[in-house]
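A.B. asks: Here's a structure for you.
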Amino acid sequence: MTYRQIVFDIDGTLIDTEKATLHSLQETVRRLQQRTVTLSDLKFAMHLPGRETLRQLGIGDIEPAMHVWGEYFFQYASSIRLFGGVRELLEALKERHFILGMITSQTREEFRQVFPSSMAHFFTTVICADDCVHPKPDPEPMERYRRESGAEKEEILYIGDSASDMQCAAAAGVDGGLALWGGRSPRHIKATCYFNQPEDVLSLVTQRAAIQAHQPWLGWAIELQALGQAGLAYSKDRFDRERFERIRDIAAEMMSLKTGISKDHVKDLFCSETGYQTPKLDTRAAIFEQHKILLVQERSGTWSLPGGWVDVDQSVRSNTVKEVREEAGLDVAALRVIAVQDRNAHNYPVYAYGVCKIFVQCAIIGGRFRENCETIASRFFGLDELPPLSEEKNTAEQIRMCFRAYREKDWQTQFD
């Protein structure tokens with residue numbers, strides 16, 4: 001079953017509250033215990049529920065201390081920010097008709113004061129601490145969410161940044177995704193999946209939906225094609241080789257039945273390689289000028305980032321440079337890898353073989369565009385003015401990712 005509802009924790013998942021949390025906790029300890037604790041010594045608090053944090057600090061009267069901590073917390077509310085990529089993730093999920101919800105350890109009043117009101121419209125159901133008797137890691141908050149939303153367990157993915165979030169999900173029989181983009185460590189935290197960046201969430205849920213939509217045919221066809229190709233690579237027996245050829249024929253027939261493409265064309269596309277099957281490599285160049293990205297227009301009329309298959313005599317770097325020269329007429333320097341992605345997790349239609357897409361940020365050295373056998377035009381586009389895209393090669397989400405990398409000096413390479 002595919003996910004239909006994506007439920008988020010707030011602190012450390014959607015919004016960055018580390019500065020507000022640690023500074024206010026420092027003030028609380030100073031007031032209640034008349035001692036000063038360094039911020040670095042308080043970092044453990046980012047991985048624990050608030051009450052457990054106070055217990056570990058030796059504060060006995062927990063509830064009044066929580067109230068004091070809350071008062072100081074709101075003095076630092078102006079430092080609270082959405083994590084980079086969160087707004088784009090929520091917008092993309094909404095566009096794909098996912099239902100979004102929240103489960104938080106904040107009270108309803110704290111939620112209203114901390115969470116940006118401009119983002120509230122994304123969420124259908126919000127469960128706060130004062131809606132439940134037993135807070136996370138108890139399953140009650142998730143069970144309350146299910147009652148109010150009407151969602152089945154299998155339809156929900158709960159995304160949070162702490163062990164208590166994942167324990168709450170597991171206890172309620174719901175899949176949990178651990179958000180690592182706030183700098184949290186996954187050590188000793190068991191989750192269904194782990195996300196380095198917000199974009200990883202979209203990749204997972206859309207991949208799962210795509211696989212579900214094409215199953216069982218596509219999965220069987222891909223597996224049969226790989227088995228047939230491997231058998232032909234290693235088998236010396238004439239009769240076995242005939243059997244493996246037939247397995248590849250069956251895979252092509254299944255693909256043809258599912259896609260409507262002729263069997264002969266499917267065989268040309270998916271059954272023409274030899275040797276053990278491994279993913280192909282595809283490089284895409286992200287080239288920016290005046291805060292716009294370069295796209296080239298293919299003869300079909302759609303637009304894409306310059307790029308293509310990595311030739312056997314080329315490295316990722318040299319192939320990126322070569323493809324830009326051929327398709328855009330430009331000499332470039334390849335600067336850094338933005339992302340390495342499993343194509344079938346991001347692009348449609350799904351292929352019956354694996355492809356690793358490598359997005360590389362480049363800088364222009366010189367040159368100019370000339371029409372060629374592959375492209376008829378090139379132009380720089382802003383993110384809000386993208387033309388019709390060749391989505392089997394690059395989607396709006398992938399181009400949005402390249403813009404984010406361009407804007408972020410300390411961008412970390414993303415990979416599936």
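The values are calculated or read from the model by the stated rules, or taken from the named source; none is laboratory data. Keep in mind that what you see is a predicted model, and the values were worked out from it rather than measured. Don't worry about glycine lacking a Cβ; one is built from the backbone with ideal geometry, like all the others, and counts go over all protein chains shown. Side chains are part of the model used for accessible areas, which takes the heavy atoms of the whole protein and leaves out ligands, DNA and RNA. Shrake-Rupley method; radii C 1.70, N 1.55, O 1.52, S 1.80 Å.
A.B. asks: Does Val310 meet the test of being surrounded by 14 or more Cβ atoms within 10 Å (Cβ to Cβ) and at pLDDT 95 or above?
C.D. replies: Judged against the criteria, Val310 is not a match.
A.B. asks: Mind listing whichever residues of region 283-306 are more than 22 Å from Cys356 (Cβ to Cβ) and of a type in the set (Gly, Ala, Ser)?
C.D. replies: Ser300, Gly301
A.B. asks: Restricted to region 275-307, and to residues that are of a type in the set (S, T, N, Q) and open to solvent by 30 Å² or more (accessible area, probe 1.4 Å), which residue is farthest from Glu397 (Cα to Cα)?
C.D. replies: Only one residue fits best here, namely Gln277.
A.B. asks: For Asp268, which of the numbered conditions (1) in a helix (DSSP H, G or I); (2) surrounded by 14 or more Cβ atoms within 10 Å (Cβ to Cβ); (3) of a type outside the set (Lys, Arg); (4) out of contact with any strand residue (DSSP E or B) (no Cβ under 7 Å at 6 or more places or on another chain) fails to hold?
C.D. replies: If we test Asp268 against (1) in a helix (DSSP H, G or I); (2) surrounded by 14 or more Cβ atoms within 10 Å (Cβ to Cβ); (3) of a type outside the set (Lys, Arg); (4) out of contact with any strand residue (DSSP E or B) (no Cβ under 7 Å at 6 or more places or on another chain), just (2) comes out false.
A.B. asks: If you scan region 349-382, which residues turn out to be modelled with pLDDT under 95 and either part of a helix (DSSP H, G or I) or in contact with a Lys or Arg (Cβ under 6 Å, 6 or more places away or on another chain) (or both)?
C.D. replies: Val355
A.B. asks: From Gly382, Gly367, grab the single residue that is on the phi > 0 side of the Ramachandran plot and surrounded by fewer than 16 Cβ atoms within 10 Å (Cβ to Cβ).
C.D. replies: Unique residue meeting the criteria: Gly367.
A.B. asks: Checking the structure you have, find out if any residue of region 398-405 is open to solvent by 30 Å² or more (accessible area, probe 1.4 Å), in a helix (DSSP H, G or I) and of a type in the set (D, E, K, R).
C.D. replies: Within region 398-405, one or more residues are open to solvent by 30 Å² or more (accessible area, probe 1.4 Å), in a helix (DSSP H, G or I) and of a type in the set (D, E, K, R).
A.B. asks: Got at least one residue in region 101-120 being within 26 Å of the chain's Cα centre (by Cα), open to solvent by 30 Å² or more (accessible area, probe 1.4 Å) and within 23 Å of Val205 (Cα to Cα)?
C.D. replies: The answer is yes, given that some residue of region 101-120 is within 26 Å of the chain's Cα centre (by Cα), open to solvent by 30 Å² or more (accessible area, probe 1.4 Å) and within 23 Å of Val205 (Cα to Cα).
A.B. asks: Going through region 33-50 one residue at a time, which ones are part of a helix (DSSP H, G or I), surrounded by 15 or more Cβ atoms within 10 Å (Cβ to Cβ) and without any contact (Cβ under 8 Å) to a residue 40 or more places away in the chain?
C.D. replies: If the condition is that a residue be part of a helix (DSSP H, G or I), surrounded by 15 or more Cβ atoms within 10 Å (Cβ to Cβ) and without any contact (Cβ under 8 Å) to a residue 40 or more places away in the chain, then Leu42, Ala45 are the ones that fit.
Listed here are the residues, each with its yes/no results for (1) at pLDDT below 90; (2) of a type outside the set (S, T, N, Q); (3) under 32 Å from the mean Cα position of the chain (by Cα).
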| site | (1), (2), (3) |
| --- | --- |
| Phe44 | yes, yes, yes |
| Leu48 | yes, yes, yes |
| Arg51 | yes, yes, yes |
| Gln56 | no, no, no |
| Asp61 | no, yes, no |
| Val86 | no, yes, yes |
| Ile99 | no, yes, yes |
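A.B. asks: Can you tell me which residue in region 63-72 is nearest to His23 (Cα to Cα), limited to those that are open to solvent by less than 30 Å² (accessible area, probe 1.4 Å) and modelled with pLDDT of 90 or more?
C.D. replies: The residue in question is Trp69.
A.B. asks: Mind checking which residues of region 271-295 are among the hydroxyl-bearing types (Ser, Thr, Tyr), at pLDDT 70 or above and out of contact with any strand residue (DSSP E or B) (no Cβ under 8 Å at 6 or more places or on another chain)?
C.D. replies: Thr274, Tyr276, Thr278
A.B. asks: Now for a different question. Select, from Ala328, Ala345, the only residue that is over 30 Å from Ala230 (Cβ atoms), among the aliphatic types (A, V, I, L, M) and open to solvent by less than 60 Å² (accessible area, probe 1.4 Å).
C.D. replies: Exactly one of Ala328, Ala345 is over 30 Å from Ala230 (Cβ atoms), among the aliphatic types (A, V, I, L, M) and open to solvent by less than 60 Å² (accessible area, probe 1.4 Å), namely Ala328.
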